[in-house]
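*Asks:* Handing you this structure, nothing more for now.
Throughout, read-outs are computed from the coordinates displayed, never taken from laboratory work. None of these values were measured; they are calculated from a predicted model. Please note: Cβ atoms are built from the backbone with ideal geometry, for glycine as well, and neighbour counts cover all protein chains shown.
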Amino acid sequence: MDTRRGRTNRRRFLLIAGLPLLAVGGGMTYLLWPEPYRNPVRTDLEPLNERFKPYLGELSEAHWQGYDIDEATQGSRTIPGPDSRIRLVGIAHLPPGGAAAVVRAPGRTFAPAEPPALPGPLKKHLPAVAAWQHSPEFDAYMNGKSSDASGASGAFHFEVERDLVHFDVLYLFS
């Protein structure tokens, strides 16, 4: 009796049956694996106007991102914390003369300053040459006037010629 023949048939059967199962399993793993975190550039104005309109006027033509900074860096495979830190960052057009009105308002000292770097997808919306103005007093005013019970902190830079605001604000929700 030749035992090699039986062993070869068994190996062949396992190979024939196992390869399709392995391919299906690998394909399903690929399809069900969570995609990397993607934060699209948003152009909707309602969320921004809801937060900033009382202080800056009606914004138009905005390019911005809003995301939980902890989720963005760690993905969805972490234990949720008790707090969410939401970052709003972007550029928006103010009403005509809006930037000049903010910069020239009494009680705030504005000086030339470069805004913080924007996330990659937003960089193309930043003017190549701009005369940005910044005021720590205005930042403190905006951070203290948050419309909700969150701890807001951030910076606002204004470009008077184009009526632009560059905002980078972090909200803490508990």
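*Asks:* In nm, what is the difference between 0.36 nm times the number of residues separating PHE13 and VAL41 and their Cα-Cα distance? All intermediate terms of the calculation are to be shown ahead of the outcome.
*Replies:* Numbers: separation 28, 0.36 × 28 = 10.08 nm, distance 5.23 nm.
Gain on stretching PHE13 to VAL41: 4.8 nm.
*Asks:* Please give, to one decimal in nm, the separation of the simple spin-label points placed at ALA105 and LEU22, each 7 Å out from Cα toward the Cβ.
*Replies:* Label-label distance for ALA105 and LEU22, simple model: 6.7 nm.
*Asks:* Given the peptides 10-23, 39-52, 87-100, arrange them by the average over their residues of other C-beta atoms within 10 Å, most packed first.
*Replies:* Most protected by this proxy first, the peptides run 87-100, 39-52, 10-23.
*Asks:* Tell me which residues come under 5 Å, amide H to amide H, from ALA62 once H is placed; ignore anything under 5 positions away on its chain.
*Replies:* Close amide H contacts, sequence-distant or interchain: HIS93.
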